[in-house]
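Before any comments, here is the structure.
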Amino acid sequence: MEMKGFKSFANRTEIVFGEKFNCVLGPNGSGKSNILDALCFVLGKAGAKGLRVEKSSNLIYNGGKTKKPSKEGEVSIWFDNSKKEFDLYPEQEIKLTRIIRSTGQGIYKINDVVKTRTQILDLMSMANIDPDGYNIILQGDIVRLIEMTTNDRRQIVEEIAGINVYEDKKNKALRELERVDTKINEADIILVEREAYLKELKKDRDQALKFKELEERKKRNKKTLLVNNEKIHNTQISAIEEDISKNTYPNFGFNVHGKHRS
Ligand code: ATP
Ligand code: MG
């Protein structure tokens, strides 16, 4: 783990953890608990109180009495991923970084790429690490565990058993479901409106089609009427012509058209 500008660690300080037990020794007030605070911090522990400060900006190195304070506090931790404990990550090593700015703004990174807090917690849960869980026992925790009520203790047991993670996930999913339901309802209302509009449009369309068809029929009938009229006129003409030819003047040898008769 590496700390820089975090609590009492002004300069880049590296803590190398061995594979089994690790012990941090030092006089009172030398910064032993600050190391554990750094560990909880980088694992995403929420709340300033849990990291033994009033407000999160107090996590940044304050310069003591004589030195310059840091602009930001940063802690990184490297995990060996050769056994694929973080199974979604192909990398051999996972580097986790958390930075706190004096404004209180926090930044999280996985392998130097900025990520959200949720992504960090998801990554941690892959390896069963919970920064607010009880696999980390801080100074005073045991005394508190003994003194608490049975109900509170039961809650802790459930938390250790990992039940509350699923409870949280379930609640989150239920809230999501509610949101989706609302969206479906909204979509249904819009659908009903659109359907009514569609009906109107269909009515208009049917009327237009009917108009077109009638118009065509009208045109056709007009044509038939003209042809029929022509036929009647032709018959009448023929009849008249016949009449005329019957009433010609044989002496002149001409019919009404002035033509020679054969
Ligand atoms: P103990 O043995 O009493 O538990 P410890 O070794 O755990 O002591 P810590 O609590 O880790 O000591 O460190 C306390 C020291 O850290 C104090 O001297 C305090 O001034 C210093 N400290 C805490 N926060 C900051 C900060 N933001 N900037 C600089 N120094 C800080
Ligand atoms: Mg201590």
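Within the stretch 112-123, the set of residues being part of a strand (DSSP E or B) and closer than 15 Å to residue 46 by Cβ is empty.
Which is more than 33 Å from the chain's Cα centre (by Cα) and farther than 17 Å from residue 107 by Cα, of 50, 63? Let's see the steps before the verdict.
Details: 50 fails: more than 33 Å from the chain's Cα centre (by Cα).
Going through 50, 63 in turn, the sole match is 63.
Residues that are at negative phi, open to solvent by 100 Å² or more (accessible area, probe 1.4 Å), in a helix (DSSP H, G or I) and modelled with pLDDT of 90 or more: does the stretch 140-148 have at least one? Within the stretch 140-148 (the criterion being at negative phi, open to solvent by 100 Å² or more (accessible area, probe 1.4 Å), in a helix (DSSP H, G or I) and modelled with pLDDT of 90 or more), the answer is yes, since at least one residue qualifies. Read through the list (1) under 18 Å from residue 128 (Cα atoms); (2) within 12 Å of ligand 1 (Cβ to nearest atom), then give the number of the only condition that residue 83 fails. So the condition that residue 83 fails would be (2).
Screening residue 133 with (1) open to solvent by less than 80 Å² (accessible area, probe 1.4 Å); (2) in a loop (DSSP other than H, G, I, E, B); (3) touching a residue at least 60 places away in the same chain (Cβ under 8 Å) gives one miss only, at (3).
So that you can scan it fast, the table gives a plain yes or no per residue for (1) open to solvent by 100 Å² or more (accessible area, probe 1.4 Å); (2) under 30 Å from residue 121 (Cα atoms); (3) touching a residue at least 24 places away in the same chain (Cβ under 8 Å); (4) hydroxyl-bearing (Ser, Thr, Tyr):
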residue: 176; (1), (2), (3), (4): no, yes, no, no
residue: 192; (1), (2), (3), (4): no, no, no, no
residue: 195; (1), (2), (3), (4): yes, no, no, no
residue: 198; (1), (2), (3), (4): yes, no, no, no
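The values are calculated or read from the model by the stated rules, or taken from the named source; none is laboratory data. All values reported here derive from a predicted model rather than from experimental measurement. Note that we place each Cβ from the backbone using ideal geometry, even for glycine, and neighbour counts take in every protein chain shown. To get the accessible areas, we keep the full protein, side chains included, count just its heavy atoms, and leave off ligands, DNA and RNA. Shrake-Rupley method; radii C 1.70, N 1.55, O 1.52, S 1.80 Å.
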